[in-house]
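The values are calculated or read from the model by the stated rules, or taken from the named source; none is laboratory data. A quick note: this is a predicted structure, and the numbers were derived from the prediction, not measured. Heads up, the Cβs are rebuilt from the backbone with ideal geometry, glycines too, and the neighbour counts pull from every protein chain shown.
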Amino acid sequence: MSDIKLRRPHSLPLAKAKQLAQKAADALASEYNLVSEWHGDTLRFNRSGVAGQMHVTDSEIQLEVKLGLLVRAFKGKLVEHIERNFDMLLPAPTVKPPAKNSARKTRSGM
């Protein structure tokens, strides 16, 4: 069972989403000394007291993290940091607005 589970939708090509997942992992690695490695579309990472993975699909990034007993005290800070990184790196999925009716109504009898 994971201690942290996050899902972030995206509308990017898979390769671009993987690049952004790597950037997020790099940012976390520099602060928390994580070591990461890709296995297909899944980036696995770990360090003493932390193990997890980011699975990248064509529509979302799924993050699962298992925390050791001592690291659990910092869970709230970790979640905030991860969400802040995702907010900066992953743009909100674009949704096309509904098409406007381009047909104009005309008055008859003028």
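Please return the ranges of strands (runs of 3 or more DSSP E) entirely within the range 1-87 where 2 or more residues are touching a strand residue (DSSP E or B) at 6+ places or on another chain (Cβ under 8 Å) and surrounded by 15 or more Cβ atoms within 10 Å (Cβ to Cβ).
Because the criterion is at least 2 residues that are touching a strand residue (DSSP E or B) at 6+ places or on another chain (Cβ under 8 Å) and surrounded by 15 or more Cβ atoms within 10 Å (Cβ to Cβ), the strands (runs of 3 or more DSSP E) in the range 1-87 that meet it are 4-9, 42-47, 50-56, 60-67.
All of VAL95, VAL65, VAL79, VAL71 fail the test of being modelled with pLDDT under 60 and either more than 18 Å from ASN46 (Cβ to Cβ) or out of contact with any Cys (no Cβ under 8 Å at 6 or more places or on another chain) (or both), apart from VAL95. Restricting the range 70-81 to residues that are in contact (Cβ under 8 Å) with a residue 12 or more places away in the chain and more than 17 Å from the chain's Cα centre (by Cα), the residue that is nearest to LEU12 (Cα to Cα) is LYS75. Kindly provide the set of residues from the range 12-56 that are of a type in the set (Lys, Arg) and at pLDDT 90 or above, ordered by number. LYS16, LYS18, ARG44, ARG47, listed by residue number. Residues in the range 29-67 that are in contact with a Gly (Cβ under 8 Å, 6 or more places away or on another chain) and among the aliphatic types (A, V, I, L, M): VAL50, LEU63, VAL65, LEU67.
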